[in-house]
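One structure below.
The values are calculated or read from the model by the stated rules, or taken from the named source; none is laboratory data. Since we're looking at a predicted model, the values are computed, not measured. Cβ placement follows ideal geometry from the backbone for every residue including glycine, while neighbour counts extend to all protein chains displayed. Note: areas computed on protein heavy atoms with side chains; ligands, DNA, RNA excluded. Shrake-Rupley method; radii C 1.70, N 1.55, O 1.52, S 1.80 Å.
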Amino acid sequence: MAKTAKTQVQAPRERLMAAAELFYTEGIRAIGVNRLLEEANTPIMTLYRHFGSKDGLIEAFLADKDRRVRAKFARAVERTGTTGRERVLAMFDALGHVITDPKYRGCTFINVAVEMADAEHPFVDIAVSHKNFVRETFARHLTEAGVRDAEPLATQLLILMNGVFVSAQIYPDGTETAKQARMAAEVLLNAALATRDTAPEPGHH
């Protein structure tokens, strides 16, 4: 396999982390140590020295992907959202960019949970932590928007988002999937805000 100039100048740890993208594109169980070492152009002792094992590299990859995804959505929200309502919808705009990327192969964290098929697995713990963070982010923006009891709606929006991730792997038109998901999120959000606006003031009947 031909190595790019970038591969040659990267440090060994960075090359291994770059090779770990294979876990996303092809699956964790499908990628063995030899394939990783070939892709990273590093000896096996380098893997052991930096990560301890293949599992150690997987954990580092998932933690790094978690940080990158959080930052990606945070940038999108800060760029286009100035109110709580706008920030909620900006999350779905960012989602649309993710699922229409030609390199999209599903949500990393859903993929891991499905492939491991074990709720107690350490990799699944990372996936759950990531999804909890997304739900908490929705809840924060919903509270900013004025939704009084934000948690149920935050959970519903997370379920909707997870459904979008999966649907985009099944249906070819990611743009339409993203559009419909944003519309559904807006319906849920508008309903919650309408309930807030029509609720009686405390002490009034």
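For R13, the accessible area of its heavy atoms, probed at 1.4 Å with every protein chain present, is near 110 square angstrom. Using only the alpha-carbon atoms, how far is helix 54-80 inclined from the longest principal axis of the chain? Give it as 0 to 90 degrees, nearest 10. The angle comes out near 40 degrees.
Taking every C-alpha pair closer than 8 Å and separated by at least 6 residues, the mean separation divided by the residue count of the chain gives a relative contact order of 18 percent. When I126, I58, I159 are compared by accessible area at a 1.4 angstrom probe, the order from most to least is I159, I126, I58.
Would you mind getting me the FRET efficiency between T155 and N41? Use the beta-carbon distance for r and R0 = 35 Å, nearest 0.05. My answer for the efficiency is 0.20.
Among the listed values [x] 20.3, 75; [y] 17.3, 49; [z] 17.8, 67, the one computed from these coordinates for Rg and Dmax of the Cα atoms in Å is [x].
Pairs of Lys residues in the chain that lie 8 or more places apart, or on two chains, and have C-alpha atoms under 18 angstrom apart add up to 5. Tell me, what % of the accessible area of the stretch 60-205 is carbon and sulfur with a 1.4 angstrom probe? With neighbouring chains kept in place, the figure for the stretch 60-205 is 57 percent. Taking 7 Å steps out from each Cα toward its Cβ at T175 and D55 produces label points 4.5 nm apart. With the whole protein complex present, E59 retains an accessible surface near 80 Å², based on a 1.4 Å probe. For the pair T83 and K103, the difference between a 0.36 nm per residue extended length and the Cα-Cα distance amounts to 4.1 nm.
Within the listed set A19, A194, A168, the Gaussian network model of the chain (springs between alpha-carbon atoms below 10 Å) gives the highest mean-square fluctuation for A194. Solvent exposure of the stretch 50-205, expressed per residue, is 54 Å² of accessible area, with all protein chains present and a 1.4 angstrom probe. The alpha carbons of the stretch 79-137 give a radius of gyration and a Dmax of 13.9, 40 Å, in that order.
Sorting V134, V128, V114, V33 on solvent-accessible area from highest to lowest, probe radius 1.4 Å, gives V114, V128, V33, V134.
Amide H contacts of Q10: none lie under 5 Å away among residues 5 or more positions distant or on a separate chain (H built 1.01 Å from N in the peptide plane; Pro and chain starts excluded). Taken about its Cα centre, the chain carries a charge dipole of about 660 debye when Lys and Arg each add +1 at the Cβ and Asp and Glu each add -1 at the Cβ.
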